[in-house]
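Engineer: Below you will find the structure I want to go over with you.
What follows is calculated from the coordinates using simple rules that are stated; it is not laboratory data. Keep in mind that this is a model prediction, so the values were computed, not measured. Neighbour counts run over all protein chains shown; Cβ positions are idealised from the backbone, glycine included.
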Amino acid sequence: MNAVTVSDLTKYYGDHLALDHISFAVGEGELFAFLGENGAGKSTAIHILSTILKKSGGQVKIFDMELGKQDDGIRAALGIVFQKSVLDDKLTVKDNLYTRAAYYGLSRKQADDRLEPFMKSFELSEIWNCRYGKLSGGQRRRVDIVRALLHDPRLLFLDEPTTGLDPKSRRLVWDYIHRLRREKKMTIFLTTHYMEETRDADRVVILDKGKIIAEGTPGELKSRYASSRLLWYAEKSEERENLLSPYEHTYDSDHYTVKFQDAITEFLYENRRQITDYEILKGSMDDVFLNLTGRELENQ
Amino acid sequence: MRNFWGLTKRNLLVFFEDKQAVVFSLLTSIIVLALYLLFLKGTFVDAINEVLDSASGLRELISQEDVGAYVNLLLFAGILGSAMVTVPFHCLTTLVKDREKGVDLDICATPVRRWQTALAYFAAAAFSAVLMTGLILTAGLCLLAFQGRLYLEASAIAAAYGVVVLGSISATALFLIVVLFFRTSSACGAFFGILSAAAGFVIGAYIPISQFSEGVQTACNVFPASHVTILLRNILLGGVLDRMDQAAGGLDNGRFTASLKETFSFKAHLFSCDLDVTEMLCYVLVFALACIVVTIFLYPKTCERK
């Protein structure tokens, strides 16, 4: 069973088409990534899937529950970490989490049982009685993730969960996400504009101006839309220029950069006597996005 | 129901954790008290004494303590009436802040139904108003009892608490509709400033409503808050008016206390009709119920994002 099945989903804001007939599916237990620039339609899609926003057209099913008809069941099955913090600054972490647990009908005792495993793994004990508004960005994100997991959801939406965080906090958040996948086998639906965050995804959908422009595993996308690069450390010479002439290449200070779509191993083998100092750079998701849209992603 | 109570508790915590907001929610009551201490008490006492002087013999029969108690209780009703306006409104600004900050998105994505969300905001604001106004009423009654001027029977005290509950509910029901139309907390704050200034006049805390033209009286009495304040006047001042009547010993056939009741609006004047206590109670109840029904239908429409 798919966790999410979306067919022909459309969303208009007045005359503006925010989502243009998009279709995709997310398998249960997958880490699925929606990649795109700000304004590409990622948050709009998440808000529709989580019953917050009304769709203009198309069909959506979450665990076989139809959006618009079985919204209560859908709401109980999903958790969301929003792009911006939505907990109360003036309340303590404890009060924020207990009140949110009650939204799902959990008693204090049930909430305690659910929170117990998070106290250590998410280091909640030390900030338990602190006001949410006084926490650092990374600490807030930890609490946001715990809040989204309180009712043991089957599907977790993460809407740009690391935006605005320092590198250390970003790494911590990703450690938590990976742990969730490992320990809970939870389906995770991620939106991001950070290329490297899609690296570990099972599948990536690239969204541009409301349209899906590519879909596949990170490896497939790189193979299809990005070229690997050979960095050959050697002095510039006519002989080397001739050797590289069939390939797109440049020379910078002490090395050639040569682009390869494929056959890089064969080339290296054939020229192993000449090419002794080199490194191979795999095509990145950055290259994928650049090749697909002609633009680089913001905030890279 | 646990999700409803959870959201109600959260709304209460958000309101009461902001100590400054709690103090400023009593802004009009503080203004009424300040004006009273500065000049209103003197003005009212002088006006009543003038009436007493004009009626032969009454000045000697009705004590200045009773006149003072009458004016004090008049102020007390005004403070309670204004608290029942400003406290629920201030608590309901949580709804506007939640929409501004996106907290409502979080609520919308949970199994809490839209109507439960609206009722949770309502319940929290009404409870805050009952609690704050109830505390003021208790403190005032204790002070009067300490001074030995609590001329109220137990049934009247119970009725005063009942009116506090009714007044808090009716004001909350009305303001819940009002706040649904605010998009930003700054706009809501600006409205609160206007409301704080206007509330004292609408409920007749600064100037008795009877001093206004018929149209203005009707405009003031459309709002349940003015009915509630009038009900409180009837309950809280009933005892001291009885004492004055007894002191006069039938000399003026109750004309003095009747004129006080007329001047200080013990009945609500609405569209050429004078509503008595029972009619005012019915008006406030129907008004509150109608507002609650409107909100339950209106709230889901205003939180739908198209």
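Engineer: Please go through the stretch B:83-119 and pick out each residue that is in a helix (DSSP H, G or I) and facing chain A (nearest Cβ under 10 Å).
Structural biologist: B:94, B:97, B:98, B:101, B:103, B:104, B:105, B:106, B:107, B:108, B:116, B:117
Engineer: Sticking with this structure for a sec: Inspect all residues belonging to the stretch A:86-109 and state whether any of them is aliphatic (A, V, I, L, M), within 10 Å of chain B (Cβ to nearest Cβ) and under 20 Å from residue A:161 (Cβ atoms). Give the derivation first.
Structural biologist: The initial filter retains those residues of the stretch A:86-109 that are aliphatic (A, V, I, L, M), namely A:86-87, A:91, A:93, A:97, A:101-102, A:106.
Now restrict to residues that are within 10 Å of chain B (Cβ to nearest Cβ): A:86-87, A:91, A:101-102, A:106.
Then drop every residue that is not under 20 Å from residue A:161 (Cβ atoms), which leaves A:86-87.
Scanning the stretch A:86-109, I find at least one residue that is aliphatic (A, V, I, L, M), within 10 Å of chain B (Cβ to nearest Cβ) and under 20 Å from residue A:161 (Cβ atoms), so the answer is yes.
Engineer: Filter the stretch A:8-36 for residues that are of a type in the set (Gly, Ala, Ser) and more than 21 Å from the chain's Cα centre (by Cα) and give the result.
Structural biologist: Going through the stretch A:8-36, the residues of a type in the set (Gly, Ala, Ser) turn out to be A:14, A:18, A:23, A:25, A:27, A:29, A:33, A:36.
Within the stretch A:8-36, just A:14 meets the criteria.
Engineer: Please list, ordered by first then second residue, the pairs with beta carbon atoms under 8 Å, 6 or more apart or interchain, first in the stretch B:144-169 and buried (at least 16 other Cβ atoms within 10 Å of the Cβ), second of a type in the set (D, E, K, R).
Structural biologist: B:149/B:65; B:151/B:242; B:151/B:243
Engineer: Among what's in the stretch B:186-206 and is surrounded by 14 or more Cβ atoms within 10 Å (Cβ to Cβ) and among the β-branched types (Val, Ile, Thr), pick the residue that is farthest from residue B:261 (Cα to Cα).
Structural biologist: B:202
Engineer: Next up: Identify the single condition in (1) more than 14 Å from chain A (Cβ to nearest Cβ); (2) without any contact (Cβ under 8 Å) to a residue 12 or more places away in the chain; (3) under 30 Å from residue B:296 (Cβ atoms); (4) among the hydrophobic types (A, V, I, L, M, F, W, C) that residue B:39 does not satisfy, given that it satisfies every other one.
Structural biologist: In the conditions (1) more than 14 Å from chain A (Cβ to nearest Cβ); (2) without any contact (Cβ under 8 Å) to a residue 12 or more places away in the chain; (3) under 30 Å from residue B:296 (Cβ atoms); (4) among the hydrophobic types (A, V, I, L, M, F, W, C), residue B:39 misses (3) alone.
Engineer: If you don't mind, there's one more thing I want to ask. Tell me the helices (runs of 4 or more DSSP H) entirely within the stretch B:18-66 that contain at least 2 residues that are within 20 Å of residue B:78 (Cβ to Cβ). Talk me through it step by step, then tell me what you get.
Structural biologist: On the way: elements: B:19-24, B:27-35, B:41-54, B:58-61.
Ranges flagged: B:19-24, B:27-35, B:41-54.
Engineer: Among the residues of the stretch A:51-73, count how many are in a loop (DSSP other than H, G, I, E, B), touching a residue at least 60 places away in the same chain (Cβ under 8 Å) and not charged (D, E, K, R).
Structural biologist: 1
Engineer: Hey, another quick one. Determine which single condition residue A:129 fails, assuming it passes every other condition in (1) out of contact with any strand residue (DSSP E or B) (no Cβ under 7 Å at 6 or more places or on another chain); (2) assigned to a loop (DSSP other than H, G, I, E, B); (3) more than 11 Å from every other protein chain (Cβ to nearest Cβ).
Structural biologist: Here residue A:129 meets the rest and fails (1).
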